[in-house]
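Here's the structure, in structure tokens; my notes come after.
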Amino acid sequence: MKKIVLTGGGTAGHVTPNIALLPSLEKAGYEIYYIGSYDGIEKRLMADYNVKYYGIATGKFRRYFDLKNFSDPFRVLKGYREARKILKEIKPDVIFSKGGFVSVPVVRAAGDLKIPCVIHESDMSPGLANRLCIPVADKVCCNFPETISKVPAGKAVLTGSPIRAELMQGNIEAGYKLCGFNSSKPVIMVIGGSQGAQSINEVVRESLDTLLKDFQIIHICGKEKMDNLKLSVPGYKQFEYLKAELKDAFAMSDVVISRAGANAICELLALNKPNILIPLSAGTRGDQILNASSFEGQGFSAVIREEALDPISLVETVHEVFLNRKQYIENMVSSGQLNSIKTIMGLIEECAEKQSKE
């Protein structure tokens, strides 16, 4: 039986694409293992699946002063030694890495052991962890055409991001039932990431009187960010978060308002949902702004910069996107990024086959 090691962690965005690959890997006959940190989010998320999990030490590479900068290099070296030992024990045919700092010791150890690696870069500009992994990677999966020029020739492949199959199986009527909506008005879905986005929440609520004249609104606002004074507003339904029901919420939505995290926008692309992106700007390296700019340039999204966000700009953009929704959908349908899992599986199989011949 072929063997594959998945790695990646630190945030849910570094784990959920790995989870999305599991059914295809199982169907292709792979024995699947996962290497993550001792107690990170990846360990909790993978606990729901029949995958053997190994924990290793990991450290963060920071661009700013922190006392941990003196100790973390030793943790990374320890993680490298642990990863190397685990890989020698498993003897995998191929590694697939979704990134995050836990992946660095795994991929570098695999490179030294001559195990082929396929890595995935979510953002337009490769992050530091992946920049440390790219030299030993066989293939680099990219979400954006612009990333290809930033990766050594012959390694980059435009794939998009693996999307969980269940998101494609939503039911419109179930979405209506969840919210108490009906088909009398189109639906706007507002989603600000796993923690919500307070600035977006506030502007959406300030715009309710105007938007509710023409739309129904499902608002996934984040933990402890619901507005109890608006619980009974007709046509407006709030949730802290959705899990199993998220697919139905997507299915009934005509326009989605979202942050511009790479996984989030790839889900919108895969679902062909006309969307408005409001990229996070403060406290980041600017990756969401670059992501949003790329999707806007490809005709997939409209963009409102956070500093320009107010009720007037939001209402105007919602109406513009809804009015031109067919064009946005056509642009997304014609994208080459809709068969992500099939494309990535082809790269994994290619590397595994190459390894078996050596």
**Asked** Looking at Ser294, Ser334, which is the one that is more than 20 Å from the chain's Cα centre (by Cα) and not aliphatic (A, V, I, L, M)?
**Response** Ser334
**Message:** Looking at the stretch 279-296, can you tell me whether even one residue there is in a strand (DSSP E or B), at pLDDT 95 or above, out of contact with any Leu (no Cβ under 6 Å at 6 or more places or on another chain) and on the phi < 0 side of the Ramachandran plot?
**Reply:** no
**Request:** Spot the failing condition for Phe322; the list is (1) under 30 Å from Pro92 (Cα atoms); (2) modelled with pLDDT of 95 or more, and only one is missed.
**Result:** (1)
**Prompt:** Restricting attention to the stretch 20-41, and to residues there that are modelled with pLDDT of 95 or more and of a type in the set (Val, Ile, Thr), which single residue is nearest to the chain's Cα centre (by Cα)?
**Reply:** Ile35
**Item:** Those residues of the stretch 311-342 which are touching a Pro at 6+ places or on another chain (Cβ under 6 Å) and aliphatic (A, V, I, L, M), in sequence order
**Value:** Val321, Ile341
**Message:** If I filter the stretch 90-105 for residues that are surrounded by fewer than 24 Cβ atoms within 10 Å (Cβ to Cβ), hydrophobic (A, V, I, L, M, F, W, C) and within 27 Å of Lys342 (Cα to Cα), do I get at least one hit?
**Reply:** yes
**Prompt:** Which residue pairs have Cβ atoms under 8 Å apart, sit 6 or more places apart or on different chains, and have a first residue in the stretch 303-315 that is free of Cβ contacts under 8 Å to residues at least 60 places away in the same chain and a second that is of a type in the set (Phe, Trp, Tyr)?
**Reply:** Val303/Phe295
**Request:** Please give the number of the condition Val140 fails out of (1) touching a residue at least 60 places away in the same chain (Cβ under 8 Å); (2) within 17 Å of the chain's Cα centre (by Cα).
**Result:** (1)
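Only one residue in Lys114, Lys78, Lys88 is more than 19 Å from Asn18 (Cβ to Cβ), part of a loop (DSSP other than H, G, I, E, B) and charged (D, E, K, R). Which one?
The unique qualifying residue is Lys114.
Report, by residue number, each residue of the stretch 1-54 that is of a type in the set (Phe, Trp, Tyr) and not in a loop (DSSP other than H, G, I, E, B).
So the first thing to find is which residues in the stretch 1-54 are of a type in the set (Phe, Trp, Tyr), and the list is 30, 33-34, 38, 49, 53-54.
Answer for the stretch 1-54, where residues must be of a type in the set (Phe, Trp, Tyr) and not in a loop (DSSP other than H, G, I, E, B): Tyr30, Tyr33, Tyr34, Tyr53, Tyr54.
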**Message:** Checking Glu307 against (1) part of a loop (DSSP other than H, G, I, E, B); (2) of a type outside the set (A, V, I, L, M); (3) within 22 Å of Ile200 (Cα to Cα), only one condition comes out false. Which one?
**Reply:** (1)
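Across the stretch 60-99, what is the number of residues that are of a type in the set (Phe, Trp, Tyr), under 23 Å from Ala137 (Cβ atoms) and modelled with pLDDT under 65?
Just the residues of the stretch 60-99 that are of a type in the set (Phe, Trp, Tyr), to begin with: 61, 64-65, 70, 74, 80, 96.
From what's left, under 23 Å from Ala137 (Cβ atoms): 61, 80, 96.
Restricting the remaining residues to those that are modelled with pLDDT under 65 gives 61.
So the answer is 1.
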**Item:** the stretch 106-132: number of residues that are modelled with pLDDT under 95 and over 17 Å from the mean Cα position of the chain (by Cα)
**Value:** 3
**Fill in**
Restricting attention to the stretch 15-50, the residues that are closer than 19 Å to Val94 by Cβ and either free of Cβ contacts under 8 Å to residues at least 12 places away in the same chain or surrounded by fewer than 19 Cβ atoms within 10 Å (Cβ to Cβ) (or both) number exactly 8
**Prompt:** Restricting the first residue to the stretch 145-166 and requiring it to be touching a residue at least 24 places away in the same chain (Cβ under 8 Å) and at positive phi, which pairs with a second residue that is hydroxyl-bearing (Ser, Thr, Tyr) and not in a loop (DSSP other than H, G, I, E, B) meet a Cβ separation below 6 Å and a spacing of at least six or different chains?
**Reply:** Gly160/Ser340
**Request:** Show the residue pairs that are 6+ apart or on different chains and have beta-carbon atoms under 7 Å apart, the first residue being within the stretch 258-272 and more than 12 Å from Ile191 (Cβ to Cβ), the second being modelled with pLDDT of 95 or more and in a loop (DSSP other than H, G, I, E, B).
**Result:** Leu269/Phe300
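Per-residue answers, yes or no, for (1) in contact with a strand residue (DSSP E or B) (Cβ under 6 Å, 6 or more places away or on another chain); (2) among the hydroxyl-bearing types (Ser, Thr, Tyr); (3) closer than 23 Å to Leu212 by Cα:
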{"position": "Ala260", "(1), (2), (3)": "yes, no, no"}
{"position": "Ile278", "(1), (2), (3)": "no, no, yes"}
{"position": "Leu290", "(1), (2), (3)": "no, no, no"}
{"position": "Lys326", "(1), (2), (3)": "no, no, yes"}
{"position": "Lys342", "(1), (2), (3)": "no, no, no"}
**Complete:** Of Gly154, Gly160, Gly175, the only residue that is outside any helix (DSSP H, G or I) and surrounded by 14 or more Cβ atoms within 10 Å (Cβ to Cβ) is Gly160
**Checklist (1) basic (Lys, Arg); (2) at pLDDT 95 or above; (3) assigned by TED's automatic domain parsing to the domain that holds Leu347 applied to Lys177, failing item** = (3)
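The values are calculated or read from the model by the stated rules, or taken from the named source; none is laboratory data. Everything quoted here is computed from the prediction, not taken from an experiment. Because the Cβ atoms are built from the backbone with ideal geometry, glycine has one as well, and the counts that use them run over all protein chains shown.
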